Amino acid sequence: MSFADGSQVRLADIAEATIGTTPDTPGFQVMRYRTASVRINKQVDISDEVRADRNVPGITDVGRAVSGSIDTRFSYGTYDSWLERLLCAAFSTNVLKNGVTPKTGTLEFTYEQGVTDSYIRYRGCRWNTLDLTLRSRQPVQATWGIMGIDSPTPTSAIITGATYTAATTTEDFNAGLNVANLSIGSTSLVSSPKVQALSFRINNNIYQVDVVGQYAPYGHGFGRFEVTGTMTVLFESLAAYSAVLNHEDVAISFDMTDAAGNKYTFAIPKVKFTDGGPAAPGNGQPVVLEVPFQAFYDATSSASLSITKTDAS
């Protein structure tokens with residue numbers, strides 16, 4: 001008997017021109033990923049009516065919606081369409097800034113089961129969050145939070161006329177070899193502190209909208225665009241701590257460049273260190289500052305976050 005093997009599950013993606021509608025004869029892009037938990041989440045109502053025999057009278061299926069996450073490593077050119085959906089904007093002259101344009105996609109999971117495979121698709125998917133983690137001596141890790149509208153009936157065949165573009169082959173970024181020009185600057189931070197780890201979350205705070213008479217969500221609304229994160233920095237001087245205490249405007253930027261020369265530059269032009277200070281960790285370890293931060297609007301760049309891509313020459 002053939003059963004689906006996790007190492008053979010194919011994830012494919014295509015942008016939607018109309019929210020919630022998979023294009024006809026779609027040209028899917030096969031995506032690179034580590035794990036994925038995107039699925040239909042059922043909502044049921046368990047009757048609380050009283051029965052003399054103490055049994056549950058019934059359970060009703062009242063609604064469902066798509067949600068979950070996709071864990072990936074991060075590589076050049078692989079997730080540009082996902083970044084555009086996340087930032088609700090498009091790359092313009094290779095620069096992407098957070099905007100207000102809804103962008104959705106259809107995700108398709110193919111489960112290899114021998115002679116007959118299973119295809120499960122999720123429509124109207126929006127990229128709500130991204131957790132990006134840079135840690136010394138480790139690959140750059142990304143977790144994408146997904147919210148979708150519905151899932152058509154699972155099938156055992158591709159969509160008629162569908163094609164599949166092979167996944168990218170650019171190498172994974174790692175925080176040891178591929179992250180450079182890490183700049184953390186403010187009035188006190190004349191030179192950037194040494195960073196052991198940097199993680200940040202991009203969050204659209206998307207919310208689900210339900211209406212009477214509709215089983216799946218009617219749609220999704222925009223919340224506030226927020227960028228938050230945490231840095232672990234070595235306590236080499238009072239500079240970083242002073243930036244915390246003085247509530248200074250801080251700018252953070254860094255490059256990720258692969259061996260071929262392809263580069264992303266992430267720029268968060270204005271953040272505030274919301275807390276942080278040195279502790280006494282005891283023997284055998286350096287004193288560090290765990291510094292949480294949050295971005296806010298920068299009038300000069302007209303954004304809270306920008307991503308610039310540079311192809312290898």
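Among the residues making up the range 38-52, those that are in contact (Cβ under 8 Å) with a residue 24 or more places away in the chain and farther than 19 Å from residue 83 by Cα are 39, 40, 41. Which of the residues that make up the range 80-92 are under 11 Å from residue 307 (Cα atoms) and of a type outside the set (A, V, I, L, M)? Selection gives 80, 84, 91, 92.
When the residues of the range 197-234 are filtered to those that are out of contact with any Phe, Trp or Tyr (no Cβ under 6 Å at 6 or more places or on another chain), assigned to a loop (DSSP other than H, G, I, E, B) and β-branched (Val, Ile, Thr), the one that is farthest from residue 138 (Cα to Cα) is 212.
Just one of the listed residues (292, 269, 286, 281) is over 18 Å from residue 87 (Cβ atoms) and either assigned to a strand (DSSP E or B) or among the polar types (S, T, N, Q) (or both), namely 292.
Residue 187 meets each of the listed conditions (1) buried (at least 17 other Cβ atoms within 10 Å of the Cβ); (2) outside any strand (DSSP E or B); (3) not charged (D, E, K, R) apart from (1).
Every condition in (1) free of Cβ contacts under 8 Å to residues at least 60 places away in the same chain; (2) β-branched (Val, Ile, Thr); (3) under 22 Å from residue 215 (Cβ atoms) holds for residue 56 except the one numbered (3). Applying the condition of being touching a residue at least 60 places away in the same chain (Cβ under 8 Å) and of a type in the set (Gly, Ala, Ser) to the range 181-207 and asking which residue is nearest to residue 84 (Cα to Cα) yields 199. Taken together, the criteria place residue 259 among residues that are small (Gly, Ala, Ser), under 30 Å from residue 168 (Cβ atoms) and not in a strand (DSSP E or B). The set of residues from the range 247-256 being surrounded by 13 or more Cβ atoms within 10 Å (Cβ to Cβ) and part of a loop (DSSP other than H, G, I, E, B) comprises 248, 249. Picking from residues in the range 1-36 that are surrounded by fewer than 11 Cβ atoms within 10 Å (Cβ to Cβ) and in contact (Cβ under 8 Å) with a residue 12 or more places away in the chain, the one that is farthest from the chain's Cα centre (by Cα) is 2. Answer with yes or no whether residue 65 is within 16 Å of residue 107 (Cβ to Cβ) and either of a type in the set (A, V, I, L, M, F, W, C) or assigned to a strand (DSSP E or B) (or both). Yes: the conditions hold for residue 65. Comparison of 286, 278, 269 shows that the only residue that is without any contact (Cβ under 8 Å) to a residue 60 or more places away in the chain and surrounded by 20 or more Cβ atoms within 10 Å (Cβ to Cβ) is 269. For the range 164-173, check the following and say yes or no: at least one residue is within 22 Å of residue 20 (Cα to Cα), among the aromatic types (Phe, Trp, Tyr), touching a strand residue (DSSP E or B) at 6+ places or on another chain (Cβ under 6 Å) and surrounded by fewer than 20 Cβ atoms within 10 Å (Cβ to Cβ). Yes: the range 164-173 contains one or more residues that are within 22 Å of residue 20 (Cα to Cα), among the aromatic types (Phe, Trp, Tyr), touching a strand residue (DSSP E or B) at 6+ places or on another chain (Cβ under 6 Å) and surrounded by fewer than 20 Cβ atoms within 10 Å (Cβ to Cβ).
Taking the numbered list (1) touching a His at 6+ places or on another chain (Cβ under 9 Å); (2) under 22 Å from residue 104 (Cα atoms) in turn, residue 216 passes all entries but (1).
Scan the range 215-246 for residues that are over 24 Å from residue 131 (Cα atoms) and crowded, with 20+ Cβ neighbours inside 10 Å and the total you get is 2. Within the range 219-252, the set of residues being under 29 Å from residue 105 (Cα atoms) and in contact (Cβ under 8 Å) with a residue 24 or more places away in the chain comprises 219, 220, 222, 225, 226, 227, 228, 229. Across the range 104-137, the qualifying residues are those that are of a type in the set (S, T, N, Q) and buried (at least 18 other Cβ atoms within 10 Å of the Cβ), and the one among them that is farthest from residue 162 (Cα to Cα) is 133.
Checked against (1) over 14 Å from residue 186 (Cβ atoms); (2) modelled with pLDDT under 95; (3) surrounded by 12 or more Cβ atoms within 10 Å (Cβ to Cβ), residue 297 passes all but a single condition, namely (2).
The values are calculated or read from the model by the stated rules, or taken from the named source; none is laboratory data. On a predicted model such as this, the values are computed, not experimentally measured, just so you know. Here Cβ is always computed from backbone atoms with ideal geometry, including for glycine, and neighbour counts include all displayed protein chains.
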